[in-house]
1. Longer than 19 Å from Cα to Cα, which of A:K57/A:K206; B:K110/B:K142; B:K117/B:K142 are they? Say none if no pair is.
2. For the pair A:S46/B:Q348, report the inter-label distance in nm, with labels modelled 7 Å from Cα in the Cβ direction.
3. Are there DSSP H segments in chain B that both extend 15 Å or more along their axis (alpha-carbon positions) and score a mean Kyte-Doolittle hydropathy of at least 0.0? List them, or say none.
4. Over the C-alpha atoms of region B:1-139, what are the Rg and the largest Cα-to-Cα span, Dmax, in Å?
5. Under a 5 Å amide H to amide H cut-off, with H placed in plane at 1.01 Å, what residues pair with B:F184 once short-range neighbours are removed?
6. Give me D for region A:841-935 in µm² s⁻¹, whole number, from Stokes-Einstein with Rh from the Kirkwood sum over alpha-carbon pairs, 4 °C and 1.567 mPa s.
7. Can you check what the net charge comes to around A:Y584, using other residues whose Cβ is under 10 Å from the Cβ of A:Y584 (Lys, Arg +1; Asp, Glu -1)?
8. State the extension gain, in nm to one decimal, for the chain segment bounded by B:K301 and B:S166, taking 0.36 nm per residue of separation less the distance between their alpha-carbons.
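The numbers here are math on the coordinates, done by the rules we state, and not lab data. In this text, all values refer to a predicted model and were calculated from it rather than measured experimentally. Glycine gets a Cβ as well: all are built from the backbone with ideal geometry, and neighbour counts include every protein chain shown.
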Amino acid sequence: MPGKLKAKIVAGRHLPVMDRASDLTDAFVEVKFGNTTFKTDVFPKSLNPQWNSEWFKFEVDDEDLQDEPLQITVLDHDTYSANDAIGKVYIDIDPLLCSEAATRICGWFPIYDTIHGIRGEINVLVKVDLFNDLNSFRQSSCGVKFFCTTSIPRCYRAALVHGFVEELVVNEDPEYQWIDRIRTPRASNEARQRLISLMSGELQRKIGLKVLEMGGNAVVGYLQCFDLEGESGLVVRAIGTACTLDKLTPGTAPNTNTHSNTAPASNVFRPVPGLGSCRATWAMFKQPVLDISFPLIGVLNNQFRHFLFLSVLSGMGSGGSAGKEAGPLKTLLRQHTQSALEQREFPFFTLTCFPPGFLVHVGGVVSARSVKLLDRIHNPDEPETRDAWWEEIRQEIKSHAKALGCHAVVGYSESTSICEEVCILSASGTAAMLNPRFMREGCLDAGGSDHRFEDASPPSCGFCHIPYDEFNMPFPAQLTYCYRCRRQKVPDVLFTTIDLPAEAAVTGKGCLIQARLCRTKKKAQGEVNATAISNLLPFMEYELHTQLMNKLKLRSMNALFGLRIQISVGENMLLGLASATGVYLSALPAPGGIQVAGKTPSDLNYDQHIATMQKRINDTITKNKELYNIHPPESTEELVGSPIPDRQRSRLFRSTSESSDELLELDLSHGKKDAFVLEIDDTDAVEDIQSLLTDAPMPAGFYSCNTEVMPGIYNWTSGLQMFTSVRVYRLSNANLTNQGLNKIFTELCENLLKSLYFKLRSMIPCCLFWNVPRSLSFVSPPPCLHPVLRPPHRSVSSAERCSPLPEGRSRSLRSTRSMPCGAPVAVVKMTPLSFLPGTRIVKYLGIINMFFIRETTSLREEGGVSGFLHCFIAEVFAMVRAHVAALGGNAVVSYSMKECVFMENPNKNQAQCLINVSGDAVIFVRESEQEATPPLMSSGQISSTGADGTT
Amino acid sequence: MSVELDVFVGNTTIMDEEVYQFWLDGYTVNDAVKVRMEGGVLEECEASAEVLHSDTMDQYRTFQMCERLLHSPAKLANQLLFQIPPHRQAMLIERYYAFDGVFVREVLGKKLSKGTKKDLDDVSAKTGVTLKSCRRQFDNFKRVFKVVEELKGPLVENIRQHFLLSDQLARNYAAIVFFANNRFETGKKKLHYLTFQDFAFCAGQLISYWTVGAVGDNLSPQSPDVYNMVEDMDVDLEKQFLQDLKELKILITDKDLLDQHKSLVCTALRGKTKVFNEMETNFKNLSRGLVNIAVKLTNTKDVRDFFIDLVEKFIEPCRSDKWTAGDMRLFLTHYTNSAHILDTFKHQVLWDRYMGVIKSCILKMYHD
């Protein structure tokens, strides 16, 4: 019993009027942890009660400390009838369990009710006394730090990176239990909130145990998701990267603030023997087994199949293949890495940002999807089926990576899309070769052999060099010698899911590139439905890829970073959205143009039409080159053996890699033509090209990207504005063609963008950082289709000079006689980035992971769906800010709204919404406030001109 | 296809001051969009009408949610729902409590009751201020009135502290509260030429010199603690003072005194003004007018007619004789000062307290 939790209820303010007669409230508070409950006295007739309670003490196991939230309920005392609940506050005490995080939780929390929203505030003080537990069989994992940030946190140094950790827990959803029929919506919502809070606590504890087992002390890139499977249950799952982190002393701090977390000698990535063992017994359940043929390639498979999506491709033929001494070296390198990484079950890393020298080569994006039919989870203690599903997908990812000659996957993430009983599981990452030096334990035996590898790949371009064997390429790619070192081969295009490495040399500026796609599908049930979906998936991936490629070429860029492809399933359609940040990597060859080709060359009119089309495309490319300031040095001659042909046929390709013999490799090079020739043989294609060109250009002064750093612009101010935008469209006509749907979808996205540009016009020059973890989902109350378009929280970092808010000096009350609580509210910043420009994070206070449900039975009165959701999102922000402030923090970094499920029933005037948010609570200080800190990145601070980074 | 749901929420609440003004002015979303489009904001940003509509809706929702907080502005600073920088908070409050001169002119001095509120549609039609905006302004008056009614201490300071308003706006509200409390008649046709600012100035004068609170400040110095405890100190005219004013009657009832007063003023003004003759002929009437006002102020009815009396008994006669503002100032100065030289007149302090306010009010009110 190694913990004592202490809580004190200080005061309340702005309470709602509960007694109509007196216009006042007789409030008291119940404090509950586990099965123990304490109560404060009733503070009669006040909307601003001062309870000033004693310390309520709970003596509990640390296991419970990790799982359970502290539950505070504010009630109105009623002598004659039952006490009315005003609202609740759930406090996650996990941050207090780690010595390096927060020491106490203290502050004003909004009192939240799932029906009425925020109803006043309560001031609470919470502390934990922990006793050390040396029991090796313990079930708790107190002290393991969790970070949502997908890079090594700014004030830590990675001593060891252990590798992938994953866990999932399942339970019945209270919303679907029989008891739900007789209890109130409030009780049901609260049961759900509490259960999810418990489950994520449990999940975190179990992951923590695995980390301890591996010898680590932290999880970085922690990604936790909920799958609301409806009738079949509730799944909470998480993945992350186990690390051993050392806290940096303030003296050495400057290093960490930049992207160059330079401590290579001690960055040891240790192989992990197998994964944790906290799974209990398992049960089988219905596994849909179907034979599905893949239309593109025509290989039969024994299941709903995932498929490979290789992105480093193009069909430009191979220009000369006179390798210098690269061949044997590569083999050696591979052997080295292999031995280290192959011992792991899954050599995956959820990190997207690495210390320099860690990434040796990047192969390309690997992704796998699988369509499953959900069935009721019979026994919550046996999550075996769900585990098996993910295991399968991870295996696939692993073998895809192998096919690309890589032994690790970085920037790895998993997601699901559920529509009734069908579930699409997706995983993606970037196949990569990691430096063997980082793989070995001890790491100090770095001998001459390691030197050779380093020579072979200078840091600024090494990651672009191909990891696979150029004579035995897994797909058709056109290789050239690297434009920087001229010694190694590079592909002509590179797609990745990671952030742009800090050392990468970039020409010009980057920009956000999106591919959007709609596909109709017949309404169906069960296996038929699942089959239909998995038949569609390859086409969708293929088209998204083509779109991305074309848009990339149109912008004269040659690499994509931070690629996220989301495919969402609805009742009668599928949506795909791919977002990435395009850049021109100096090491890669200049992209060729786009050529339009017609099939029937005889017609003169037609030729003319093609000519105008071609001209438009060429003009756009020229314009974009200007816009993104892409002017690569033109020294391409004599680099390659043979000149790059404008257009060349590529071959249909079949995997030769022995490890992936049962894999499907998708040839994404447009069948017989290479990717850059657009054939307009029918009206569809014409429209495709049209849509390619109709991407509205960004207004001057706006930049956008979805990676941590905006390529090409470095002088950020600390002016930061995070926002969330949610839109729902109802498609009135379900009989639209794919073409029509696509057009509508693209328009919706473009309109949303335009809307944002307009709203943020006062902030320019600014950059939109997109964080679109799950931007599409369907709300499909029959009969209508209802895609929720949710490009959520983009943080706008304005390059404009914004004067910082005078914190703690906000308008305080002079007439304190009427308001007893005069402390101004501290400002809490929120950002999806892992850092705040112009500031330095001095302390991580713990992870924020909150789940809220809001329901209304008076939708119209609350301003309709928009009013309802607007208010709810504002409330969620308020609760996140309050928790951060109570931990002593002043910002949330790596913030993301992972889930936003919205349901409505306008006939009954009802609506319900679920939101899950997460992030890291931190304390930051402005650079200028710090004494004796040398300036960091050369361009870290903005000049007094307040200009943007265009020059 | 239609947009069902469209929201945009910032961590720091994003607000457009222009749209805020439209909202305050009671424009519907569609009207606001129309005006914004005409304002050319679209060309600047290549946005479409839909974009503008969506933005306007977002802003309107934000303001609606904020409105509850604006009713007790102190809450805005320590609520948690919206993160609004302090200078923005100040702007929100100041603008929310701002009012239209034409509107306030209509309700000035009226009882802030449900009945008056019902007539707001007439006021709206008459002034061109939208009904919605009229209601907001009226409710603001009423809210401020209700809050300060129960508070002790100086009126302007109470308003400023409680509603976090600027000094100027707080003074204006003090005037409105003062007028509403004393029910001064301001709606008569003869008073139509007066603006709210004229009345506000006069209210300021009355509050400063004729109320209970004024006693502590200017006349009989008491300890601040004592006068701070007095209720309604700035809202009600001092009873004793009004009673004492009856003593001034001697200035017109005593024939000698009146003549003496007249000759003193005439001596002082001779040659200094073009309207000397008119002044001389009218002196007794004018003096009677002013003193009679003072004498009758014990009646609530006559307090209400204070301004109408000033206009009828003094301003109008002077205006018909074509006095200039300079003439007026000269006359009032000497009229006031000459009384000090009258040997049988003993109420110098009272006279100064009365005439000081009358003089500045008349000077303010003497225009076209």
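1. On the way: A:K57/A:K206 26 Å; B:K110/B:K142 11 Å; B:K117/B:K142 10 Å.
Pairs exceeding 19 Å: A:K57/A:K206.
2. Result: 5.6 nm between the two label points.
3. Going by DSSP H runs, the hits are B:167-182, B:196-210, B:255-269, B:348-365.
4. Every Cα atom of region B:1-139 included, Rg and Dmax give 16.7, 54 Å.
5. Close amide H contacts, sequence-distant or interchain: none at all.
6. Working: Rh = 15.1 Å.
It diffuses with D of about 86 µm²/s by this estimate.
7. On the way: positive: A:K509, A:R555, A:K625; negative: none.
Charge balance in the 10 Å sphere: +3.
8. Details: separation 135, 0.36 × 135 = 48.60 nm, distance 3.34 nm.
My answer for the length gained is 45.3 nm.
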